[in-house]
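Trainee: My questions all concern the structure below.
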Amino acid sequence: MSITPILRSGNIAKEQEVRTMRALAIAKQKRIVKRGSVWIVPSQSHSGSYVVSQSEKAGMPTWECTCPDYETRGQPCKHVIAVEIVRHRQMPDEIPATEIKRVTYAQDWPAYNAAQVREKECFALLLRDLCSRVESPRQEGRGRPRLPLRDIIYACATKVYSRLCGRRAQTDIRANQAAGLSKAAPSYNTLFRYMADPALTPILHDLLEQSALPMVGIESNFAVDSTGFANSTFCRWVDEKYGVERKVKTWVKVHAACGVKTQIVTSAIITDMSGADSPQFRPLIEATAKNFKLGDVVADKAYLSRENVAAVDRLGGVPFIPFKEGTGDGLLIRGERAPHAKLWKRLYHRFEYDREKFLRHYHARSNVESCFSMIKAKFGASISSRCTVSQHNEALLKLLCHNVVVLVGAVFELGLQPSLARGGD
């Protein structure tokens, strides 16, 4: 394969143009190393790398890569193109800029600017309306009256939104009380105590789902994935072979389903770092289907199973999940009598023989990555709590704050008028 046709053909698809641009950046900025018969290409998005190798198919030399893009499409990815650029020494300054057109998207800048300027003000109002749904549990026996639970959650969300510690967030919490947005201003010790209460977790799950309801008329296609939030705890063990103690930093794993148009989180499950992806797929989709009409449901191959595919079909959606390597007609024939065999076969043939259409739908999966990127950029990629329950609740609060921020943007950019107060949808 030569890089020249890829770079200079007038009939290049837009997706391939983007890959070529990224390959040029990799070739210019990264250190691509040849080791034996393979090339080690650094990833553009994280600290890892991929292996590009050359083999023969039908007597013709062809390049292969270990990245997910190549495994899904079976076509040259940006890492393969970057290797060809290095091999042929076709660096970016040798290629006319007019040959490559960058894909851009329109932005309503006045609406975007207004949303950013008034975000904090609107966030406080929408969050207050959302928390007004929360009922305080009945207090039994004597004692000092407890603070309203809605004010506790409001203060916890304010703390997460501000990205301040509990003590420093007291200024914002008291300002909200002075503005009449909450009746009480809980102290930082009160917030810490409630964050460690398991009874708070189902309430936050319910608020998260309620915060997505204003998007019912907008979202119909959804993407599922997981991401990790680092914390301050370590997992320690003794290596018996070498007689030393080893440790690794742990993280909280967030499994979420989000709408592909607005990146609103419709459902979420929090697990520890060893939580598997595939078992969380059905609960996420079922929780989403309670409030939304399912269209396309997109996920990567880690979620591929007959049960997950059947769950999407049963709920009225269309699954777009790529098949793993080694799944072929032979496996389909052997499983002809297995449950959901016809559905499984239909999905396989859509993936194998109508790949271009499949990829057009599957491309929407990038929106869940964008969603996680938005959350981490705005509310931090780490969890400050130390208790396991507190960590899970803090992760849910990050998702909740993200949803409210998305609603603020929708108010200005889409003309949405959400009603999050009790009794409104």
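Trainee: Among VAL309, VAL298, which is the only one that is modelled with pLDDT under 95, in contact with a strand residue (DSSP E or B) (Cβ under 8 Å, 6 or more places away or on another chain), surrounded by 18 or more Cβ atoms within 10 Å (Cβ to Cβ) and closer than 24 Å to TRP344 by Cα?
Mentor: Numbers: VAL298 fails: modelled with pLDDT under 95.
None of the other options fit; the residue is VAL309.
Trainee: Is it true that some residue in the stretch 147-154 is out of contact with any Gly (no Cβ under 8 Å at 6 or more places or on another chain), part of a loop (DSSP other than H, G, I, E, B) and not polar (S, T, N, Q)? Steps first, please.
Mentor: First, the residues of the stretch 147-154 that are out of contact with any Gly (no Cβ under 8 Å at 6 or more places or on another chain): 147-154.
Subsequent filtering for residues that are part of a loop (DSSP other than H, G, I, E, B) retains 147-148.
Subsequent filtering for residues that are not polar (S, T, N, Q) retains 147-148.
Within the stretch 147-154 (the criterion being out of contact with any Gly (no Cβ under 8 Å at 6 or more places or on another chain), part of a loop (DSSP other than H, G, I, E, B) and not polar (S, T, N, Q)), the answer is yes, since at least one residue qualifies.
Trainee: Further question on the same structure: Filter the stretch 386-404 down to the residues that are over 12 Å from CYS258 (Cα atoms) and surrounded by 20 or more Cβ atoms within 10 Å (Cβ to Cβ) and list them by number.
Mentor: In the first step, residues of the stretch 386-404 are kept if they are over 12 Å from CYS258 (Cα atoms); the result is 386-398, 400-401, 404.
Selection gives SER390, GLN391, HIS392, ASN393, GLU394, ALA395, LEU396, LEU397, LYS398, LEU400, CYS401, VAL404.
Trainee: Within 30 Å of SER132 (Cα to Cα) and of a type in the set (Ser, Thr, Tyr): which single residue out of THR201, THR250 fits that description?
Mentor: Values: THR250 fails: within 30 Å of SER132 (Cα to Cα).
None of the others qualify; the one that does is THR201.
Trainee: When you go through ASP172, ASP151, ASP129 one by one, which is the residue that is in contact (Cβ under 8 Å) with a residue 40 or more places away in the chain and on the phi < 0 side of the Ramachandran plot?
Mentor: Numbers: ASP172 fails: in contact (Cβ under 8 Å) with a residue 40 or more places away in the chain; ASP151 fails: in contact (Cβ under 8 Å) with a residue 40 or more places away in the chain.
Only one candidate passes the filter, namely ASP129.
Trainee: Examine the stretch 94-113 for a residue that is under 29 Å from LEU399 (Cα atoms), of a type in the set (Gly, Ala, Ser), part of a helix (DSSP H, G or I) and at pLDDT below 95, and state whether such a residue exists. Steps first, please.
Mentor: First, the residues of the stretch 94-113 that are under 29 Å from LEU399 (Cα atoms): 104-113.
Checking the rest, the ones that are also of a type in the set (Gly, Ala, Ser) come to 106, 111.
Keeping just the survivors that are part of a helix (DSSP H, G or I) gives 111.
Next cut, at pLDDT below 95 only: 111.
Checked against the condition, which is being under 29 Å from LEU399 (Cα atoms), of a type in the set (Gly, Ala, Ser), part of a helix (DSSP H, G or I) and at pLDDT below 95, the stretch 94-113 yields at least one hit.
Trainee: Do you know which residues across the stretch 214-232 are aliphatic (A, V, I, L, M) and surrounded by 19 or more Cβ atoms within 10 Å (Cβ to Cβ)?
Mentor: Here is the first cut: in the stretch 214-232, the residues aliphatic (A, V, I, L, M) are 215-216, 218, 223-224, 230.
Residues satisfying the conditions are MET215, ALA223, VAL224.
Trainee: Hey, could you check the stretch 28-65 for residues that are touching a strand residue (DSSP E or B) at 6+ places or on another chain (Cβ under 7 Å) and among the aliphatic types (A, V, I, L, M) and say which is surrounded by the most Cβ atoms within 10 Å (Cβ to Cβ)?
Mentor: Per the stated criteria, the residue is VAL41.
Trainee: Still on this structure: Within the stretch 219-251, take every residue that is among the hydrophobic types (A, V, I, L, M, F, W, C) and modelled with pLDDT of 95 or more and give me the one that is nearest to VAL411 (Cα to Cα). Walk me through it before giving the result.
Mentor: If we filter the stretch 219-251 for residues that are among the hydrophobic types (A, V, I, L, M, F, W, C), which is where we start, we get 222-224, 229-230, 234-235, 237-238, 244, 248, 251.
From what's left, modelled with pLDDT of 95 or more: 222-224, 229.
Working: PHE222: 21, ALA223: 23, VAL224: 25, PHE229: 29 Å.
Only one residue tops the list, namely PHE222.
Trainee: Would you mind telling me which numbered condition in (1) at pLDDT 90 or above; (2) surrounded by 17 or more Cβ atoms within 10 Å (Cβ to Cβ) THR72 fails?
Mentor: (1)
The values are calculated or read from the model by the stated rules, or taken from the named source; none is laboratory data. The structure presented is a predicted model; accordingly, all values stated were derived computationally and were not measured. In this analysis, Cβ positions are derived from the backbone assuming ideal geometry, glycine residues included, and neighbour counts consider all displayed protein chains.
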